[in-house]
Amino acid sequence: MKQEIYDIASAFITDKDVEISTFGFNGDIGYTFAKYGLADYPYCLTIFAEAKAPQKRREKSYISPCKGDFVNGKTYTQKCYGKIEIKAGTAASDGYGKRILTKHTTKHEVGSALDKTQCDVRRFFTRIRSREFFKIVNMAERRILGQITTTDNSAQLYNMIYRLKENQK
């Protein structure tokens, strides 16, 4: 399933008819690729990672913004993971998560690689641990800069998304 998500992300990035938008600040990365014309509504690929190195925290009750974990009265390490979502429509959420076809969170934290205050060695090894995620991020950056040749991937995206929907049933 993980490789399938990266394949779909690659197809979105290299498609010539996607609408691209970026978001994020202070080193965070966020890309949205919206593809119209495959159905009555657009399909959307979102790539996001927060630029924060792991931090130790102790609080009475806290919901981690990166992972969404609820922690009660313990010391914990807040880590920021990379996320890739494929959903129907372009709105952030419908409140129930029904529009999300699939989502992937990296196994290892990626925030250290984006945090410019970290040493280069740590940033390098963080990128190595989540190689596939950073390959997609680099493709997205190159696409925005116009350094990737694009093709019409409409049929390929339609088939991949159709298979995703069928596998969810």
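The values are calculated or read from the model by the stated rules, or taken from the named source; none is laboratory data. For clarity, every value in this text was computed on a predicted model and none was experimentally measured. Quick note on the areas: whole protein, heavy atoms, side chains included, nothing else; ligands and nucleic acids left out. Shrake-Rupley method; radii C 1.70, N 1.55, O 1.52, S 1.80 Å.
Which whole-Hz couplings ³J(HN,Hα) result when phi for each residue of segment 157-163 is put into the Karplus expression 6.51 cos²θ - 1.76 cosθ + 1.60, θ = phi - 60°, listed in order with x for Gly and Pro?
So the J values, rounded to whole Hz, are 5, 4, 5, 5, 5, 4, 4.
With the other protein chains left in place, how much accessible area per residue, in square angstrom, belongs to segment 94-169 at a 1.4 angstrom probe? Could you put the intermediate results ahead of the total?
Details: 5090 Å² over 76 residues.
Solvent-accessible surface per residue comes out at 67 Å².
Work out how much length residue 107 to residue 156 would gain on full extension: take 0.36 nm times their residue separation and subtract the Cα-Cα distance, in nm to one decimal.
Working: separation 49, 0.36 × 49 = 17.64 nm, distance 2.72 nm.
Extending this stretch completely gives an extra 14.9 nm.
Say the cut-off is 25 Å between C-alpha atoms; which of 103/135; 35/79; 52/103; 87/116 go over it? Each step should come with its number before you reach the end.
On the way: 103/135 17 Å; 35/79 31 Å; 52/103 21 Å; 87/116 31 Å.
In this structure, 35/79; 87/116 lie more than 25 Å apart at Cα.
Tell me, what HN-Hα J-couplings in whole Hz come from the Karplus equation 6.51 cos²θ - 1.76 cosθ + 1.60 at θ = phi - 60° for each residue of segment 114-129, using x for Gly and Pro?
These are the phi-based 3J(HN,Hα) values: 9, 7, 5, 7, 7, 5, 4, 5, 5, 4, 5, 5, 5, 5, 5, 5 Hz.
Give me, ordered by chain and number, the residues 5 or more places off residue 27 or on other chains with an amide H under 5 Å from its own placed amide H.
Result for residue 27 returns nothing.
What number in nm² do you get for segment 123-166 if you take the convex hull of its Cα atoms and divide its surface by four? Working shown, then result.
On the way: hull surface 18.1 nm².
If I average the Cα hull's projected area over directions, I get 4.5 nm².
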